Amino acid sequence: MAKFVIMPKMGFNMEVGHVAKWHFQEGDIIKKGDIIADIETDKTTIGYESQFSGVLLKILVKENDPVPVVEPIAIVGEQDEDISRMIEEAAKEKKTETPAEQTAKTAPSLAPQKPGTQNEARSKLSPRARKYLSDNGLDLPPGGIVGTGYQGGITQSDIEDYILSNKHRISPLAKKVAFEAGIDVSALEGSGVDGRIMRSDVESMIVRRPGESLTREIPYSGIRKIIGERLSQSKFTAPHLYFTVSVNMEKLMDFREQANQNNENKISLNDCILFFVTKALIRHPSINSSLQGDKILQYGYVNLGMAVASDEGLIVPVLKNVDMMPLGVLSKQAKALALKAKERRLMPDEYQGGTFTVSNLGMYGIENFTAIINPPEAGILSVSAVKYSPVAKENHKDSELALKPMMNMTLSVDHRLVDGVIATKFITEVRMLLENPILALL
């Protein structure tokens, strides 16, 4: 029996995905577990495993077209199976919501609410239907779906069919542009798959007045929106406290040079900073903590987030159990993780679960900045560029100056968890280790 392949929900904030690449063509045989396509989310690109075996009978979406989660992207079944009804259902159009309806709609729903029958509806869900709802982050409003299973049981196919019969014929981006421009798209013929209205179709209806130049519109969505919302929440929820110190990097640069002699895997300054910050976190567990409800959790391990800049925003992959890593191992894993972040290939587990974050903008020449804490962590360390600056020589009565490689660091802490004394001790410890690397080995 033919089945729909559905756009998976791969994260709590994921609303739309893209098929970055199809690995099979129509007519190909697929086995359960085969990577049928690469799915691009807001943060990463993940190989999507087929949930069943069969023949890829129909590809329903083009590569790079935005597809809302749980909408069908393909059909898999038996050779020569009649799927005309399924194709018609996938292409079935539903009248576009008016702006008022769109504004009033505050949460995704599979059906109208019918009070008093919640438990009855849930009791009819088959095990596979329950798993399907859970995997895709959906809830089942009571009484909304007619079950075709044994004694009226609601199957996975029932849910998939219901989603299809209620899907919109306009892409999320096109709907957003139409709403903001006040354009009625009810009579618009779309250029997408099966007449789906795309953003370009809506934009073609926007009339430009003579002498008026077009301004580029970039949707505030995806990873940039997620980052903005998380950091706004952090800034206005966690009272930030800042501590800045200047670090003499002379001995650390000598340490790095010696470590890289006859070493194929070259260790960077950032690798060293991550390594010594980890040592300081082990010694100051109050910084390596988070606020969870009415409890403060102090972690017995270090999962170190490292901010990586990309064209679409800041991504923070997390090095797990870095407190157990020698410097060489940390260096290899940090480089591999940073590359995956830039190529949008991170798995969800690779950007979750951090206990502290380091944001290094030194490679961009930034001399000083403060970073916003990545919730629910207790702090974040901002690392700036190394600049040669005049510094008074130590133990010199005439205060003679010398040029030294200096670097500014700013520690941002959540004042609910960390007071000034604890923060001062921690950042002082980090500076001491960077200025005297040998101490970390004792």
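A short reminder: the numbers here are calculations on the coordinates, not readings from a lab. All values derive from a computational prediction rather than experimental measurement. Virtual Cβ from ideal backbone geometry, glycine too; neighbours counted across all protein chains shown.
Data for the structure
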quantity: Length released on extending from Tyr301 to Glu49, taking residue separation times 0.36 nm less the Cα-Cα span; calculated: 87.5 nm
quantity: Distance between region 257-310 and region 347-368 - C-alpha centres, whole angstrom; calculated: 10 Å
quantity: Per-residue Cβ neighbour rank within 10 angstrom, fewest leading, Ile46, Ile29, Ile380; calculated: Ile29, Ile46, Ile380
quantity: Under Karplus coefficients 6.51, -1.76 and 1.60, residue-wise ³J(HN,Hα) of region 348-361 in Hz, glycine/proline x; calculated: x, 5, 8, 10, 10, x, x, 10, 6, 10, 10, 10, 10, 10
quantity: Contour minus Cα-Cα distance for Ile29 and Asp419 (0.36 nm per residue); calculated: 134.3 nm
quantity: Tensor-based shape of region 297-349 (alpha-carbon gyration tensor, a/c under 1.5 rounded, otherwise prolate or oblate); calculated: oblate
quantity: Sorted by Cβ density within 10 Å, fewest first, the residues Met10, Met407; calculated: Met10, Met407
quantity: Ranked list, fewest to most other Cβ atoms within 10 Å of each Cβ, for Leu417, Leu401; calculated: Leu401, Leu417
quantity: Three-way shape label, region 241-361, alpha-carbon gyration tensor, a/c 1.5; calculated: oblate
quantity: When each of Lys266/Lys404; Lys235/Lys393; Lys32/Lys124; Lys62/Lys131 is checked by Cα-Cα distance, pairs over 31 Å; calculated: Lys235/Lys393
